[in-house]
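One structure below.
The values are calculated or read from the model by the stated rules, or taken from the named source; none is laboratory data. Please read these numbers as outputs of a predicted model, since none were measured by experiment. Cβ: placed from backbone, ideal geometry, glycine included. Neighbour counts: every protein chain shown.
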Amino acid sequence: MADGDSAKRVNAANRQLQEAVFGVLRIADADDDIAGQIETALIDAGAPADLAQNQAAIWGQPYAAASFQMDPGEAAAAYSGPVLALFGQTHTQVLAGPNADALLDRRPNAQTRAVTVEGVDHLFQRNESGAPANYGSAGHAIAPGAADVFAEEVRTLLDQACDG
């Protein structure tokens, strides 16, 4: 039980830092010092200075703010072609359930499949906790079962799109 509690604490701390970054990105202007704002927000959220500086360099680029300010639901609703969305069940940044539901709600009359791949993170690697510390430690590029799900879901969507 202690390992599960530890993973929950790590995930909660990671979520707090992500929210600090995301909060800046949601309101940032292209002319702002986005990296500086992110670094400050991370330090205020309890991140060590070196981590805050590193993450600010990665996330503090104008494209990151632009991606947070777009509405993916609006883009999905406007697209008329088939869509396949694959979510990792243990991904801690893009939660499978709410995001799959949101996509399906925005495309009620369009060919859309939203599939959650069990036991994998956003890299589609086996990661039961979803903790970022486990990224890349699975010993495989993509979980073998996830690759099978991808292939089957692409076949299903293609069959629906070609018959529709």
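Among the residues here, T92 qualifies as modelled with pLDDT under 90, surrounded by 16 or more Cβ atoms within 10 Å (Cβ to Cβ) and in contact with a helix residue (DSSP H, G or I) (Cβ under 6 Å, 6 or more places away or on another chain). Within region 104-133, the residues that satisfy the criterion of being outside any loop (DSSP other than H, G, I, E, B) and either modelled with pLDDT of 80 or more or out of contact with any helix residue (DSSP H, G or I) (no Cβ under 9 Å at 6 or more places or on another chain) (or both) are L104, D105, R106, T112, R113, A114, V115, T116, V117, V120, R126. Out of the residues in region 14-44 that are acidic (D, E), more than 22 Å from the chain's Cα centre (by Cα) and over 11 Å from A56 (Cβ atoms), state the one that is modelled with the lowest pLDDT. So, considering only residues that are acidic (D, E), more than 22 Å from the chain's Cα centre (by Cα) and over 11 Å from A56 (Cβ atoms), the one modelled with the lowest pLDDT is D31. Could you check A161 against (1) modelled with pLDDT under 85; (2) among the aliphatic types (A, V, I, L, M); (3) in contact with a strand residue (DSSP E or B) (Cβ under 9 Å, 6 or more places away or on another chain) and say which number it fails? Going through the list (1) modelled with pLDDT under 85; (2) among the aliphatic types (A, V, I, L, M); (3) in contact with a strand residue (DSSP E or B) (Cβ under 9 Å, 6 or more places away or on another chain), A161 breaks only (3). Listed by first and then second residue, the pairs with beta-carbon distance under 7 Å, at least 6 apart or on different chains, first residue in region 26-37 and closer than 7 Å to A65 by Cα, second surrounded by fewer than 19 Cβ atoms within 10 Å (Cβ to Cβ) and among the hydrophobic types (A, V, I, L, M, F, W, C), are R26/F68. If the condition is being surrounded by fewer than 16 Cβ atoms within 10 Å (Cβ to Cβ) and part of a helix (DSSP H, G or I), then region 34-50 contributes G36, T40, D44, A49, D50. When each of A85, A141, A146, A151 is tested for being touching a helix residue (DSSP H, G or I) at 6+ places or on another chain (Cβ under 6 Å) and farther than 21 Å from F22 by Cα, the lone residue that passes is A85. When region 107-122 is filtered for residues that are in contact (Cβ under 8 Å) with a residue 12 or more places away in the chain, surrounded by fewer than 19 Cβ atoms within 10 Å (Cβ to Cβ) and of a type outside the set (V, I, T), the ones remaining, listed by number, are A110, Q111, R113, E118, G119, H122.
If the condition is being among the aliphatic types (A, V, I, L, M), in a helix (DSSP H, G or I) and under 21 Å from V94 (Cβ atoms), then region 1-33 contributes A7, V10, A12, A13, L17, A20, V21, V24, L25, I27.
Which of the residues belonging to region 68-97 are closer than 16 Å to L25 by Cα and in contact (Cβ under 8 Å) with a residue 40 or more places away in the chain? Result: F68, Q69, Q93.
May I ask you to verify whether A65 is assigned by TED's automatic domain parsing to the domain that holds F22, among the small types (G, A, S) and out of contact with any strand residue (DSSP E or B) (no Cβ under 6 Å at 6 or more places or on another chain)? Spelling it out, A65 is indeed assigned by TED's automatic domain parsing to the domain that holds F22, among the small types (G, A, S) and out of contact with any strand residue (DSSP E or B) (no Cβ under 6 Å at 6 or more places or on another chain).
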